[in-house]
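Here is the structure we will look at.
Nothing in this text is a laboratory measurement; each read-out follows from the coordinates by a stated rule. Please read these numbers as outputs of a predicted model, since none were measured by experiment.
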Amino acid sequence: SQNRNTISDGVYTISSTLNSNYVLDVNNGSTLNGANIQLYQSNGTQAQLFKVTHDSQGYVTFTNEKSGKVLDVYNGSCKNGANVWQYNSNNSRAQKWIVRKEGNSYVIISALNSNYVLDLANGKARNGSNIQISSYNGANVQKWSISKYISKEEKLNTLASQNASAL
């Protein structure tokens, strides 16, 4: 697809464009199948980090760093308000996504049906707000910031090399 290179493989946080302090999060840091995906205040835990990988067709899979489970649409159900949770990877369309850049943010489209996108259920950036899919309407509740996660080690290494080159 034309969007296959929108973001590269790596580890990311995915924050709401309504408030960048709130990110996609696995409820209670659970490692279980069916644990809910919600919005939660950024706290730097692995439950809020997602590894992006691409398959041969260019579809994106989001794997949670803590659980090893992937972002999945409940029962592969393609309808407004279908819940998004985590589940063992099974290569189904319910677990594949297309990432499209829109302005300074991203829309995360379900591979089940390109009219359906990752959506913030109640339109409020607050702890526990549910994540679902809904038909695309261009609203900010359907737009996300996807930021590469930089570990403390990487930050220190970057600072060290910047300082070295400044000498």
Practice task
Please work out which option in (i) 11.1; (ii) 10.2; (iii) 16.0 gives mean projected area of the Cα convex hull in nm² calculated from these coordinates, and answer with its label.
Solution key: (ii)
Exercise for the section: Write down the Å³ per residue value for the convex hull defined by the alpha carbon atoms of segment 56-148. Expected result: 112
Completion exercise
For S129, other-chain or 5+-apart residues with amide H closer than 5 Å (H placed, Pro excluded) are L39
Exercise for the section: Using θ = phi - 60° and the Karplus relation 6.51 cos²θ - 1.76 cosθ + 1.60, list the HN-Hα couplings for segment 88-102 in order, rounded to whole Hz, with x at every Gly or Pro. Expected result: 3, 5, 9, 6, 7, 4, 5, 10, 10, 9, 10, 9, 10, 7, 9
Practice task
Could you work out the Rg to Rh ratio of segment 23-84, with Rh taken as the Kirkwood radius (inverse of the mean 1/r over all Cα pairs)?
Solution key: 0.98
Handout entry: segment 97-165: projected area of the alpha-carbon convex hull, averaged over directions, in nm²
Key = 6.8
Problem - Mean ellipticity per residue at 222 nm, deg cm²/dmol - from DSSP H runs of n ≥ 4 across the chain, formula -39500 (n - 2.57) - result: -3000 deg cm²/dmol
